[in-house]
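Engineer: Structure provided below as structure tokens; questions to follow.
The values are calculated or read from the model by the stated rules, or taken from the named source; none is laboratory data. Owing to the predicted nature of the structure, the values given are computational and were not obtained by experimental measurement. When we count neighbours, we look across all protein chains shown, and the Cβ atoms used for this are built from the backbone with ideal geometry, even at glycine.
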Amino acid sequence: MRLAREYDVLPIAIVLDLPEAVCAERNAARPDRAGMPRHVIKRHQRELRRSLRGLEREGLRKVHILRGAEEVERAEVVTERRYNDLTHLAGPFDIIGDVHGCRSELDTLLAGLGYADGDGAHPEGRTAVFVGDLVDRGPDSPGVLRRVMRMVGAGSALCVPGNHENKLGRWLKGRNVQLTHGLAETVEQLAKEDDAFCERVGTFIGGLVSHDVLDGGKLVVCHAGLPEKYDGRTSGRVRPHALYGDTTGETDEFGLPVRYPWAEDYRGRAAVVYGHTPVPNTSWINNTICLDTGAVFGGKMTALRWPERELVDVPAERVWYEPVKPLGTQAPGSREGRPLDLADVHGRRVVETRHMGRLAVREENAAAALEVMSRFAVDPRLLACLPPTMAPTATSREEGFLEHPAEAFAQYREDGVAQVVCEESEPGVDRLRLQREHREHRLVDAPQRLVVPQPVQRFEPERVLPKRQRPFVAEEPAAQPLQIRRPGVLRATDDPQVLTPAHLDPGLDQPPLGVVYERREPRL
């Protein structure tokens, strides 16, 4: 039992209930047990049969009793597929975020995805997958349940439970639950339905599994997110985590629990699609994505097409329920203010990008970039953008030219680039604007950077902290003077013609907060 709980699997007991004579005969054939008294075997047999009545109460999922030697000989061990193991289903899928009783928006979204009315069959054989929270807060929770149950029954959809279904299921069983967080509205709506429908709803909710593992293990669908160690596991610890997620133990200013940013730590190969925490917009974080975009709060209802990884959404018709906490701008798993993890950039990595899809970064390229960023750059979270650049062409064969446009265009044409956009650049000055909310903070970095705090009348050389100290300080620290160790970088001098912003950019009278000026020698 301890091992089963440790590895989050369901324990199963196989009991060998053999006659006393058989046990005595087999003991006599064993040299170390030949002298065992007969009354010991009788006592063991009585204790075994007495314990059978309480095995299931000890937490065993199943108990198989084999009575007699013949049953033992005929027994065959057959492995069964776990309830959440749907790896044989390869899709394609349309994964739909939290619905919360918004029947009209759900109908519009399903129609846009191509699902027919009634049993919801898709002409291309696609399967809808619901991440839970079908009920509460919205205007028509029974209508949502009726359509989802019909689709699941017809094999056109899958569904995992949310915390709101779990609470509704306990209420339908007669448990004492508080009618809060929208459950009162659902109870009022169900009062207009017949008892048979409510019974079907209770049976439907009771049969939902905590999470589904789909598409050969490439996709995990749950309600509140799931760490990699719980993927495909079945225990009393996994289900609450899939329904409610994890918290830090703190509460925010709205009295709601602070969600633990588990997506930051996720490094699993399977994509985890979930809901539960409303966000204004969806975003991929470490191969996880939240699809709860607050339809019931006036946001939108979102679906993810898998394996295409395309997002489809419809706007809410109105604000159906006023949220306790306004829809924020920070998605679950935001890395703001948290330490960087070497595992994020070490070795070969696959990066999800907005416009180019999935990009693979080779280990040697990641190592080179890590070397530069760790020694000469600011925290990557402070970089508003990386200035665009293109790879230089081969050295020109024309005498007197390092690079020649004709040869450059020929190289691009040979590489399959049909169109090249050329823009004039100023090689002497590299400028990066950083917008920060806390203007009292001062950016300090490696000795190669000059940072301008606000307000400023003249550009003056700042003092910088040693490299290993924290990047932001609210007060002027005891620091070392600016030191320049690399040639070609703007040096700290008393010459205002060199250090004033007008010299660097005549159109800039006063640099904004966090402008980093760097002067490099122009290259040919």
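Engineer: Residues in segment 56-64: is at least one at negative phi, at pLDDT 85 or above and either in a loop (DSSP other than H, G, I, E, B) or in contact with a Lys or Arg (Cβ under 9 Å, 6 or more places away or on another chain) (or both)?
Structural biologist: no
Engineer: Here's something else I'd like to know. Determine whether segment 183-205 contains at least one residue that is small (Gly, Ala, Ser), surrounded by 14 or more Cβ atoms within 10 Å (Cβ to Cβ), touching a residue at least 12 places away in the same chain (Cβ under 8 Å) and in contact with an Asp or Glu (Cβ under 8 Å, 6 or more places away or on another chain).
Structural biologist: Checked segment 183-205: no residue is small (Gly, Ala, Ser), surrounded by 14 or more Cβ atoms within 10 Å (Cβ to Cβ), touching a residue at least 12 places away in the same chain (Cβ under 8 Å) and in contact with an Asp or Glu (Cβ under 8 Å, 6 or more places away or on another chain).
Engineer: Please tell me if residue 361 is over 28 Å from residue 280 (Cα atoms), modelled with pLDDT of 70 or more, surrounded by 12 or more Cβ atoms within 10 Å (Cβ to Cβ) and aliphatic (A, V, I, L, M).
Structural biologist: Yes.
Engineer: Another question, then. Taking residue 366 and the conditions (1) surrounded by 13 or more Cβ atoms within 10 Å (Cβ to Cβ); (2) at pLDDT below 80, which numbered condition does it fall short on, given that it satisfies the others?
Structural biologist: Unmet for residue 366, out of (1) surrounded by 13 or more Cβ atoms within 10 Å (Cβ to Cβ); (2) at pLDDT below 80: (2).
Matching residues to (1) surrounded by fewer than 23 Cβ atoms within 10 Å (Cβ to Cβ); (2) touching a helix residue (DSSP H, G or I) at 6+ places or on another chain (Cβ under 9 Å); (3) in a loop (DSSP other than H, G, I, E, B); (4) at pLDDT 95 or above:
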position: 100; (1), (2), (3), (4): no, yes, yes, yes
position: 112; (1), (2), (3), (4): yes, no, no, no
position: 118; (1), (2), (3), (4): yes, yes, yes, no
position: 124; (1), (2), (3), (4): yes, no, yes, no
position: 142; (1), (2), (3), (4): yes, yes, no, yes
position: 155; (1), (2), (3), (4): yes, no, yes, no
position: 168; (1), (2), (3), (4): no, yes, no, yes
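Engineer: For segment 5-54, name all the residues that are of a type in the set (Val, Ile, Thr) and either in the same structural domain as residue 234 (by TED's automatic domain parsing) or assigned to a helix (DSSP H, G or I) (or both).
Structural biologist: Looking only at segment 5-54, we keep the residues that are of a type in the set (Val, Ile, Thr), and these are 9, 12, 14-15, 22, 40-41.
Within segment 5-54, 22, 40, 41 meet the criteria.
Engineer: Right, here's the next one. If you check every pair at least six apart or on different chains, which have Cβ atoms under 7 Å apart with a residue in segment 1-13 that is closer than 12 Å to residue 60 by Cβ and touching a residue at least 60 places away in the same chain (Cβ under 8 Å) first and a residue that is of a type outside the set (Asp, Glu) and outside any loop (DSSP other than H, G, I, E, B) second?
Structural biologist: 10/4
Engineer: Here is a follow-up. Return the only residue of 209, 279, 177, 258 being in contact with a strand residue (DSSP E or B) (Cβ under 8 Å, 6 or more places away or on another chain), outside any helix (DSSP H, G or I) and either surrounded by 12 or more Cβ atoms within 10 Å (Cβ to Cβ) or not aliphatic (A, V, I, L, M) (or both).
Structural biologist: Answer to the check: 279.
Engineer: Do you know which residues across segment 286-325 are hydrophobic (A, V, I, L, M, F, W, C) and either closer than 23 Å to residue 218 by Cβ or part of a loop (DSSP other than H, G, I, E, B) (or both)?
Structural biologist: Scanning segment 286-325 gives 289, 290, 291, 303, 304, 306, 311, 312, 316, 319, 320, 324.
Engineer: So, one more: Kindly list, by first and then second residue, each pair from a residue in segment 281-297 that is closer than 16 Å to residue 267 by Cα and in the same structural domain as residue 353 (by TED's automatic domain parsing) to a residue that is modelled with pLDDT of 90 or more and not β-branched (Val, Ile, Thr), limited to pairs with Cβ atoms under 7 Å and residues at least 6 apart or on different chains.
Structural biologist: Here the result reads none, with nothing in segment 281-297 linked to a residue that is modelled with pLDDT of 90 or more and not β-branched (Val, Ile, Thr).
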